[in-house]
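Peer 1: Dumping the structure here so I can ask a few things about it.
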Amino acid sequence: MKSHSVRTHKSAENLARADQLAWKIAEVASDPVSVEPAVIEMIGNRIIDNAAVSAASLARRPVASARAQALVHPLKPGATVFGMPQSQRVSPEWAAWANGVAVRELDFHDTFLAADYSHPGDNIPPIMAVAQHCDLDGAALVRGIATGYEVQVDLVKGICLHEHKVDHIAHLGPSAAAGIGTLLTLPTEMIYEAVQQALHVTTTTRQSRKGQISSWKAYAPAFAGKMATEAVDRVMRGEGAPSPAWEGEDGFIAWLLSGPSAKYVVPLPEKGEPKRAILETYTKEHSAEYQSQAMIDLARKLGPRIGDLSNIESIVIHTSQHTHYVIGTGANDPQKMDPRASRETLDHSIMYIFAVALEDGGWHHQKSYAPERAARPETVALWHKISTVEDPRWTQRYHSHDPKEKAFGGRVVVTLKGGSIISDEIAVADAHPLGARPFARPQYIAKFRALTDGIVTLAEQDRFLALIERLPELKSKELAGLTFTADPAWLGTQGSTGIFDWSSTPAGRGATDN
């Protein structure tokens, strides 16, 4: 890996294209390196993971709404939509949208945390959609996904967005554009423009993950994938981008990040170096924000030691700055303590999550978020006894570049009535590569079987998994099979109609008649 210094340059400096971060990313994307077997295996795992969590979310309103929007944009050859028959195809940017929302809705797929944070599996829906539409094969898909992961992980390592209240999809737009560029074997020049366009149109605020969190939390990454697809299409037609997007004196770093005097260091593979970043990422065993994964596992362990939870006086979670301020009491979000809060808000409340995990001895992607579950008086009472504090040791471990030291957990101190204390700590989740039960192909398959049970037939599950085993050898016509068809009863309803299906409504038909 080579470290690249990135800073603001005045227009008069005339920063050469080859010295710009977007060009260096484009060079990585256009470098035709082979994909290593371990990376291919992990890409297959993450395609399985995405399908699993998408199946479990099919009937949820945001997913049904996004799917309805996509289905009114049919196109041949087009791309597939999770839950629908393979023969039903839509325009690739709309497939990226619908499938991206399905993947993201439950907050249950992979993660990477460093200077910033991310869910790099969000790269897969747009890259997959373009591969299906453009009649590409499994080998091309693997190369594209490897690039998407590499670019997003490297940006996350080098550039912190959240301290400036910029949402993390500002790293996802460029990475998805780069991955699509690799997929299509586009020249460096085109990928350079697409990466900058994607950054420009996917820079949004962190309010989508703050306060009363709405369904936009799941839509935002899908929006980035859709925008990346459209950006690549535009540059293929000869259009350009704001440039230099990161380094310009009126650009991203100067006005949206740390300012004209700031310098960032972004690592990227050198020419000829394989793209391995996906191996640094990790998935979730539990459907909750990643910093809560280890805490759920610790709660499962602590529950039997505590016994009668009504004897608890207080619980203090000593953890990293990020966990304290994003999902802990340091966020100062009253919604995180409110039993009427949305699922998305409860997902970002370590106080709620730890309370339920203590009571139930685990976590469930639906039952643990049910309004009646959140409203239990004993749960609310326990929940309000929990607080977080930042511990410099855990902050240092969170930001460590040493994978053996890097940690996303903390220490829990439980004070019981009478003053006795029970304390324990955990560094990483059980499913983490360095955890007690690291996830490998069998665990991904087990997660897929559990989440698709009753939604996708066993034969359809088997068909999908068999294709994953041959992923890099798949012919172009087989890529449409990297989806699943569900029983229509599990698809849910979109609710109200919108602009795109206006003509199917009485009001729309009346307007047409006029």
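The values are calculated or read from the model by the stated rules, or taken from the named source; none is laboratory data. This structure is a prediction, so every number in the text was calculated from the model and none was measured. When we count neighbours, we look across all protein chains shown, and the Cβ atoms used for this are built from the backbone with ideal geometry, even at glycine.
Peer 1: Restricting the range 392-429 to residues that are acidic (Asp, Glu) and free of Cβ contacts under 8 Å to residues at least 60 places away in the same chain, which is nearest to Ala294 (Cα to Cα)?
Peer 2: Only one residue fits best here, namely Glu405.
Peer 1: Quick one: how many residues across the range 462-477 are charged (D, E, K, R), without any contact (Cβ under 8 Å) to a residue 40 or more places away in the chain and in contact with a helix residue (DSSP H, G or I) (Cβ under 8 Å, 6 or more places away or on another chain)?
Peer 2: Going through the range 462-477 one residue at a time, the tally reaches 1.
Peer 1: Looking only at helices (runs of 4 or more DSSP H) that lie completely in the range 271-350, which have at least 1 residues being under 21 Å from Arg104 (Cβ atoms), free of Cβ contacts under 8 Å to residues at least 60 places away in the same chain and not assigned by TED's automatic domain parsing to the domain that holds Phe108?
Peer 2: Passing ranges, in order: 343-346.
Peer 1: Quick one: Ala459 ticks every box in (1) closer than 17 Å to Met84 by Cα; (2) surrounded by 14 or more Cβ atoms within 10 Å (Cβ to Cβ); (3) out of contact with any helix residue (DSSP H, G or I) (no Cβ under 8 Å at 6 or more places or on another chain) bar one, so which box is it?
Peer 2: So the condition that Ala459 fails would be (2).
Peer 1: Something else: Identify, from the list Val265, Val232, the residue that is surrounded by 19 or more Cβ atoms within 10 Å (Cβ to Cβ) and modelled with pLDDT of 95 or more.
Peer 2: Val232
Peer 1: Are there any pairs with C-beta distances below 9 angstrom linking a residue in the range 355-369 that is on the phi > 0 side of the Ramachandran plot and touching a residue at least 60 places away in the same chain (Cβ under 8 Å) to a residue that is of a type in the set (Gly, Ala, Ser) and surrounded by fewer than 20 Cβ atoms within 10 Å (Cβ to Cβ), with the two at least 6 apart or on different chains, and if so which?
Peer 2: Note: pairs meeting the criteria are Gly361/Gly303.
Peer 1: Could I ask something else about it? Out of the range 19-52, which residues are under 24 Å from the mean Cα position of the chain (by Cα) and without any contact (Cβ under 8 Å) to a residue 12 or more places away in the chain?
Peer 2: Answer for the range 19-52, where residues must be under 24 Å from the mean Cα position of the chain (by Cα) and without any contact (Cβ under 8 Å) to a residue 12 or more places away in the chain: just Pro37.
Peer 1: Taking the residues in the range 347-405 that are within 20 Å of Asp116 (Cα to Cα) and among the small types (Gly, Ala, Ser) as candidates, determine which candidate is surrounded by the most Cβ atoms within 10 Å (Cβ to Cβ).
Peer 2: Per the criteria, the residue is Ser349.
Peer 1: Moving on. Please note which helices (runs of 4 or more DSSP H) are completely contained in the range 20-110 and include at least 1 residues that are among the basic types (Lys, Arg) and under 27 Å from Glu469 (Cβ atoms).
Peer 2: Of the helices (runs of 4 or more DSSP H) lying wholly inside the range 20-110, those with at least 1 residues that are among the basic types (Lys, Arg) and under 27 Å from Glu469 (Cβ atoms) span 37-57, 92-104.
Here is a yes/no grid of residues against (1) surrounded by 24 or more Cβ atoms within 10 Å (Cβ to Cβ); (2) assigned by TED's automatic domain parsing to the domain that holds Pro244; (3) in contact with a strand residue (DSSP E or B) (Cβ under 9 Å, 6 or more places away or on another chain):
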position	(1), (2), (3)
Asn123	yes, yes, no
Ala140	no, yes, no
Lys165	no, yes, yes
Leu172	yes, yes, yes
Ile180	yes, yes, no
Leu184	no, yes, no
